[in-house]
Amino acid sequence: MTPCTELWVDRSNFRKTKIVNEPLRSIDNGEIVVAIDKFGLTANNVSYAVSGDFIGYWKFYPATDNWGKVTVWGCADVIESRSDDIAVGERLYGFFPMSSHTILQPGKVRDDSFIDIAPHRKELPGTGLYSTYRRTQNEPEIVQQFENERCLLFPLIATGYVLYDYLIDNNFFGAEQVVIGSVSSKTGFGLATLLHDDPNVSQKIVGVTSERNAGFVDSLGCCDQIVTYGNETEIDPSVPTAYVDMSGDVKLTQALHNHVKENIVESSMVGASHWEEGGKAGELPGAKPTFFFAPAQIAKREKDWGPGVLMMKAMEATFTISGKVKNIIQVEWSTGAEAVDQSWHNLLDNKVPGSVGIMASLVSGKE
């Protein structure tokens, strides 16, 4: 039996964690065992935990009792296979738990991907996105050279791209400016960069961030105006405004809605980098804040453009933005269960600046 190390999180108290060392069960026909050797850790993973029950992220890799396995984007090698289609030694990229190993059940196998068809996944959200695993050796070589960026940036910039497409698809809901909360987050600056660099977008891009991260955001050159928390009244309330919030800070949402009032024409809640400041916003002027579910826009574009087209555009955007920020974002490695546990707590406590990207591995010595 394959030994396995995992980091479990209490679903009611994200700061309560435990390291679990238990062997995997024996696999059945059609299943594979993968060794997860690296994954990205960002505020996005905190968002997965915050919305774990609401959206269903805890159900992708179930744990026992009130424990959960936070989902991450990472790379893995196939080390055991009882699948006729997937060989030992294959390299995969996809949606994994914070674990050293896990079991997948490949189905709908293509040259460059497969879907995990484990029975418990059938009713889970965004199956096409979260249950698709890339067979990276069959992808273009340049993609294989960007593994760390793929783990750290692709899921986030891809979400930023889907948001960018959603705003364009809806003609910005008539907005003349876009306000992005927690713009220093990777999804935040990804969206800001896409909007700012598009010559067909005339809307003003306003980024809201902390004083600590203001210099970092300024260095990216992705905003027309940078506003620090507590100074939201510097935002022009006289023009129609689309608000996209990556922070999950209900006080920020209340402050902006009460400042811009009826000129808030769209209010999308995306992330939870300030997860402890969440809660119900109550009745607010302007458009009602709604949770943005990226798979819904992806599904729409699958019908509009054909399968995979939106994600290919998102991949191209990731490479472009990765090239712009590779000398600005510092990659730090967190290896071994205790170190990954500490990095998780640092994310919860907002101790990781936007200029840092954490690559993690439950395997000690991996870097």
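Structural remarks
- Of the DSSP H helices in the chain, those that are both long (alpha-carbon extent of 20 Å or more along the helix axis) and hydrophobic (Kyte-Doolittle mean at least 0.5) are 154-169, 309-325.
- Cβ-Cβ distance of GLU262 and PHE54, R₀ of 30 Å, FRET efficiency by 1/(1 + (r/R0)^6): the value works out to about 0.60.
- Paramagnetic reach from ALA63 (point 7 Å along Cα→Cβ, amide N under 14 Å) across segment 15-54: 15-22, 46, 48-50, 52-53
- Length gained when the stretch THR228-ASN170 is fully extended (0.36 nm per residue, less Cα-Cα span): 18.1 nm
- Share of carbon and sulfur in the accessible heavy-atom surface of segment 205-256 [1.4 Å probe, %]: 46
- For the peptides 141-147, 350-356, 160-166, residues were scored by their other Cβ atoms within 10 Å and the scores averaged per peptide; the highest-first order is 160-166, 350-356, 141-147.
- Of the peptides 218-225, 96-103, the ranking by mean beta-carbon count within 10 Å, highest at the top, reads 96-103, 218-225.
- Of interest is the spacing of the C-alpha centroids, which for segment 176-216 and segment 305-339 amounts to 17 Å.
- The mean accessible area for residues of segment 78-215, using a 1.4 Å probe and ignoring ligands and nucleic acids, is 39 Å² per residue.
- Calculated P(r) tail over 16 Å for segment 110-208, as whole % of Cα pairs: 66
- Residues listed by number, segment 57-101, amide nitrogen under 12 Å from GLU22 label point at 7 Å toward C-beta: 62-69
- Peptides 86-95, 114-123 ordered by average Cβ neighbours within 10 Å, highest first: 86-95, 114-123
- Of LYS18/LYS351; LYS38/LYS59; LYS59/LYS300; LYS204/LYS351; LYS59/LYS186; LYS69/LYS300, pairs whose Cα-Cα distance is over 28 Å: LYS204/LYS351; LYS69/LYS300
- Within the accessible area of segment 71-115 (1.4 Å probe), percent carbon and sulfur: 39
- Full extension of the segment from GLU139 to ASP111, taken as 0.36 nm per residue of separation minus the current Cα-Cα distance, would add 9.2 nm.
- Segment 291-347: translational diffusion in µm²/s, Stokes-Einstein, Kirkwood Rh over Cα pairs, 10 °C, 1.306 mPa s: 109
- Extension gain for the segment ALA87 to GLU123, taken as residue separation times 0.36 nm less the Cα-Cα distance, is 10.2 nm to one decimal.
- MRE, 222 nm, helices only [DSSP H, n ≥ 4, -39500 (n - 2.57), over the chain, to nearest 500]: -9000 deg cm²/dmol
- Measuring r between the beta carbons of PHE293 and HIS345 and using R0 = 22 Å, the FRET efficiency lands at 0.20.
The values are calculated or read from the model by the stated rules, or taken from the named source; none is laboratory data. Model, not experiment: these values are computed from the prediction. Positions of Cβ are backbone-derived with ideal geometry, glycine not excepted, and every protein chain shown enters the neighbour counts. Please note that ligands, DNA and RNA were not included when accessible areas were found on the heavy atoms of the full protein model with its side chains. Shrake-Rupley method; radii C 1.70, N 1.55, O 1.52, S 1.80 Å.
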